[in-house]
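S.K.: My structure is below; once you've seen it, I'll send some questions.
The values are calculated or read from the model by the stated rules, or taken from the named source; none is laboratory data. No experiment lies behind these values; they were computed from the predicted model shown. Methodologically, a virtual Cβ is constructed for each residue, glycine included, from the backbone with ideal geometry; neighbour enumeration extends over all protein chains shown. Keep in mind that these areas ignore ligands, DNA and RNA; they rest on the heavy atoms of the full protein, side chains included. Shrake-Rupley method; radii C 1.70, N 1.55, O 1.52, S 1.80 Å.
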Amino acid sequence: MNNKNEMIQMARTAMKHAYAPYSKFNVGAVVRGENGQLYSGCNVENAAYPSGTCAEQSAISAMVTAGETKITEVLVMGDSEKLVSPCGACRQRIRELASDDTKIHICDINGIRKTVTLKELLPLSFSQENFK
Ligand code: THU
């Protein structure tokens with residue numbers, strides 16, 4: 001399996017495990033760490049709605065838990081014929097550990113439909129570089 005297909009497969013599996021009884025919108029995300037390893041996550045909703053977490057957040061947590069702090073590639077897939085692009089908060093979460101040129105693959109249920117850089121998704125971003 002090539003790298004992209006492996007990411008798609010992992011996102012699809014994670015998406016199937018999503019806990020989304022309120023929105024009924026399952027999302028799967030995969031991030032690649034600096035050592036090439038892939039980490040997946042799904043959205044986990046909560047009856048107290050703001051306590052729910054996004055798929056990207058889960059995938060990033062899995063990567064950091066494994067001891068990695070650099071994201072080199074991201075893929076996001078929703079259970080929909082429409083594209084699922086990372087939400088604003090997740091763009092900022094990705095920004096913390098990725099670089100301007102990190103590729104983000106945006107999928108629909110069938111596969112990758114668009115690949116953009118983090119800079120395209122979050123121009124003029126705020127990061128630790130903005131601290132004085
Ligand atoms: N969701 C994600 O997991 N990632 C995104 O980037 C977009 C939104 C989830 C959150 C919530 O559980 C559901 O999709 C509907 O917003």
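S.K.: Counting only the heavy atoms of the protein chains, how much of Lys70 is accessible to a 1.4 Å probe, in Å² to the nearest 10?
M.R.: Only protein atoms counted, so the area is about 70 Å².
S.K.: Could you give the dipole magnitude of region 3-121 about its Cα centre, charging the beta-carbon of Lys and Arg +1 and that of Asp and Glu -1, in debye to the nearest 20?
M.R.: 180
S.K.: Sticking with this one: For region 47-96 and region 27-42, what is the separation of their Cα centres, given in Å?
M.R.: Here the answer is 9 Å between Cα centres.
S.K.: Let me ask something additional. As a quick test, which of the pairs Lys4/Lys24; Lys16/Lys114; Lys70/Lys114 have an alpha carbon distance above 24 angstrom in this structure?
M.R.: Details: Lys4/Lys24 26 Å; Lys16/Lys114 22 Å; Lys70/Lys114 22 Å.
From Lys4/Lys24; Lys16/Lys114; Lys70/Lys114, over 24 Å: Lys4/Lys24.
S.K.: Ignoring ligands and nucleic acids, what accessible area does Ser99 show with a 1.4 Å probe (Å², nearest 10)?
M.R.: 40
S.K.: OK, next. Give me the net charge for the shell around Glu6: Cβ to Cβ below 13 angstrom, other residues only, Lys and Arg +1, Asp and Glu -1.
M.R.: Overall, the nearby charge balance is +2.
S.K.: Grab the other residues whose beta carbon is less than 10 angstrom from that of Thr115, score K and R as +1, D and E as -1, and report the net.
M.R.: +2
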